[in-house]
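Only one structure is covered here, and it is reproduced in the block below.
The values are calculated or read from the model by the stated rules, or taken from the named source; none is laboratory data. Remember, it's a predicted structure, so these values are computed and weren't measured experimentally. Cβ coordinates were reconstructed from backbone atoms using ideal geometry, including for glycine residues, and neighbour counts include every protein chain displayed. Please note that ligands, DNA and RNA were not included when accessible areas were found on the heavy atoms of the full protein model with its side chains. Shrake-Rupley method; radii C 1.70, N 1.55, O 1.52, S 1.80 Å.
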Amino acid sequence: MGHDLALTAFRAIYDANVDYVHATLRRLGVSSAEVEDVAHDVFVAVHRHLHEYDPTRPMRPWLFGFAYRMARDHRRLARHKNEVAPPPEIDPRDDAPLPDEHLEGARARALCHKALDAMDFEKRAVLVMFDIDGLTAQEIADHLGIPLNTAYSRIRLARGEFERHIRKLGEMP
């Protein structure tokens with residue numbers, strides 16, 4: 001009975017968060033061709049550590065920790081194999097004639113993805129946690145096991161690096 005209850009709890013967590021984990025992995029630089037496999041690894045680890053989860057804390061920051069580690073390890077393995085993770089794919093419809101507003105949004109998203117891809121992984125992760133996932137600096141510090149002031153410093157440095165990449169990429173033809 002306990003096993004069935006644990007499986008039911010895991011299934012509920014998976015169903016409620018699989019899209020979030022996929023999106024997080026993409027934002028952390030996992031290619032769309034590999035995101036399903038890496039997400040699978042995330043949820044295997046989540047299942048293995050589910051007994052450690054504190055239900056008084058939010059689920060998504062806990063899941064982000066798993067996604068962060070899996071994406072980091074995936075990137076290290078890819079670099080070790082002398083592979084470079086390909087840039088995120090852009091929806092082919094983005095090249096077709098679209099209303100100006102939609103096209104501008106698609107170009108802005110593509111520019112953001114390229115800037116994120118150009119960033120150092122650690123800074124990219126902090127930027128995603130803070131500016132996209134909405135975690136506080138304290139939550140980031142707790143998840144990464146770093147002092148609060150270090151988290152604030154990394155956020156500041158990540159934003160600066162992101163802005164530099166945006167400016168640089170925006171000047172390219």
Are there any pairs, at least 6 apart or on different chains, whose C-beta atoms fall under 8 Å, with the first in region 8-21 and without any contact (Cβ under 8 Å) to a residue 60 or more places away in the chain and polar (S, T, N, Q) and the second surrounded by 14 or more Cβ atoms within 10 Å (Cβ to Cβ) and assigned to a helix (DSSP H, G or I), and if so, which?
Asn17/Met59; Asn17/Arg60; Asn17/Leu63
Report yes if Ala16 is outside any helix (DSSP H, G or I), more than 14 Å from the chain's Cα centre (by Cα) and not aromatic (Phe, Trp, Tyr), otherwise no.
no
All but one of (1) in a helix (DSSP H, G or I); (2) touching a Pro at 6+ places or on another chain (Cβ under 6 Å) hold for Val46, so report the exception by its number.
(2)
With the first residue restricted to region 151-173 and required to be within 13 Å of Cys112 (Cβ to Cβ), and the second required to be open to solvent by 100 Å² or more (accessible area, probe 1.4 Å), Cβ contacts under 9 Å at 6 or more apart or on different chains are His165/Lys114; Ile166/Lys114; Leu169/Lys114
Of the residues in region 23-65 that are under 30 Å from Arg109 (Cβ atoms) and hydroxyl-bearing (Ser, Thr, Tyr), the one that is nearest to the chain's Cα centre (by Cα) is Thr24
Flagged in region 111-120 as open to solvent by 20 Å² or more (accessible area, probe 1.4 Å) and part of a helix (DSSP H, G or I), in numbering order, are Leu111, Cys112, His113, Lys114, Asp117, Ala118
If you check every pair at least six apart or on different chains, which have Cβ atoms under 6 Å apart with a residue in region 102-131 that is without any contact (Cβ under 8 Å) to a residue 40 or more places away in the chain first and a residue that is aromatic (Phe, Trp, Tyr) second?
Leu127/Phe162
Identify, please: which residue in region 124-158 is outside any helix (DSSP H, G or I) and not acidic (Asp, Glu) and is, among those, most open to solvent (accessible area, probe 1.4 Å)?
Pro147
Does region 4-53 hold any residues that are hydroxyl-bearing (Ser, Thr, Tyr) and open to solvent by less than 20 Å² (accessible area, probe 1.4 Å), and which are they?
Thr24, Ser31
Restricting attention to region 73-83, does a residue exist that is at pLDDT 85 or above, open to solvent by less than 60 Å² (accessible area, probe 1.4 Å) and not acidic (Asp, Glu)?
yes
Selection status of Ala106, of a type outside the set (Asp, Glu), at pLDDT below 90 and farther than 18 Å from Leu25 by Cα:
yes
Are there any pairs, at least 6 apart or on different chains, whose C-beta atoms fall under 8 Å, with the first in region 53-68 and closer than 19 Å to His40 by Cα and the second part of a loop (DSSP other than H, G, I, E, B) and among the hydroxyl-bearing types (Ser, Thr, Tyr), and if so, which?
Met59/Tyr53; Trp62/Tyr53
